[in-house]
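Laboratory data are not the source of any read-out in this text; all were calculated from the coordinates shown. Note that the structure is predicted; figures quoted are calculated from it, not measured. Note that each Cβ is placed from the backbone with ideal geometry, even for glycine, and that neighbours are counted across all protein chains shown.
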Amino acid sequence: MRPLLILLLLAASVAASAQEVICHRGYWDTDGSAQNSLRSLVKADSIGAWGSEFDVWMTADGMLVVNHDASYGGVTIETAKWKQLKDMRLKNGELLPTLEQMLKCGKMLKTRLIVEMKPHSSREHELEAARKIVKLVRHLGLEARVEYITFSYQGMKNLKELAPAGTPVYYLNGELSPSQLNELGVAGIDYSIRVMREHPQWIDEAHALGMKVNVWTVNSERDMQWCINYGVDFITTNAPERLQQLLNE
Ligand code: MG
């Protein structure tokens, strides 16, 4: 084989391997798992996923709880006391996890912990949530393993300010261009596949600014291939093993 061709192939394989898989709400679509469960985090780690994402809310009495929706079992997390939620179970039988349990579980694993702070209904409550999340991550010695994502513009700024310098914080909401976010010191865009298909130029724009690009929730092979072809850095998916197969092809 000619040296130039070998170099090109090497470069292509390096570019391909730079694309990373993030399990959306953990790896839940598999036996014994459930969305945002401890098990889903262990499962994500077991398949070698680069990262595993989960969602965080804070109760009225300051407990950080892992759940996607604003409510669980008919109880609104933000306005509830922890005692109203602590005995609730997930679909796989686990108790509704706290952030502390999730992080302690993650500490025993290798996968990166992608913490999504949900937008809370008051600025004060959300700021308190951000403070507590960052403090807990520090207390558990996980600062180098955690990245933050949020739909909340103010929450993004709060996390950026509170977390140690260099901690990746990504914005999810989709309306700001990479250059607008770059001025805020955000690590990159973490936008939906719908938004990214409307603004594919944002991928190159972000990369030119030294920012990363994450796309969610990429479940169809068509969308996975689109992300792979466009060279996005992180692909967040409910079908991580299928994505791993595509990345290895
Ligand atoms: Mg999420």
Within the chain: Cβ-based charge dipole about Cα centre, in debye rounded to nearest 20 (Lys, Arg +1; Asp, Glu -1): 640 debye
Tilt of helix 123-139 relative to the longest C-alpha principal axis of the chain, in degrees (0 to 90, nearest 10)? 70 degrees
With just the Cα atoms defining each centre, how far is the range 198-249 from the range 158-189? Give it in Å. 19 Å
Additional length obtainable on full extension of the chain from A18 to S177, 0.36 nm per residue less Cα span: 55.0 nm
Please identify every one of the chymotrypsin sites (Phe, Trp or Tyr not before Pro) in the range 113-162 that sits in a loop by DSSP and has no more than 16 other beta carbons within 10 Å of its own beta carbon. F151
Rounded to 0.05, the calculated FRET efficiency for the beta carbons of A208 and K91 at R₀ = 41 Å is 0.40
Pairing the Cα long axis of helix 3-17 with the longest principal axis of the chain, what angle in degrees results, from 0 to 90 and rounded to the nearest 10? 10 degrees
Over its alpha-carbon atoms, the range 89-160 yields an Rg and a Dmax in Å of 12.9, 36
For the chain, what is the largest minus smallest coordinate of the Cα atoms on each principal axis, given in angstrom and ordered from greatest to least? 67, 42, 33
The farthest towards the positive end of the charge dipole of the chain, of the residues G48, L99, H199, given +1 on Cβ of Lys and Arg and -1 on Cβ of Asp and Glu, is L99
Would you mind checking K86/K160; K91/K157; K83/K135; K157/K212; K110/K212 for any pair whose Cα atoms are more than 28 angstrom apart? K86/K160; K91/K157
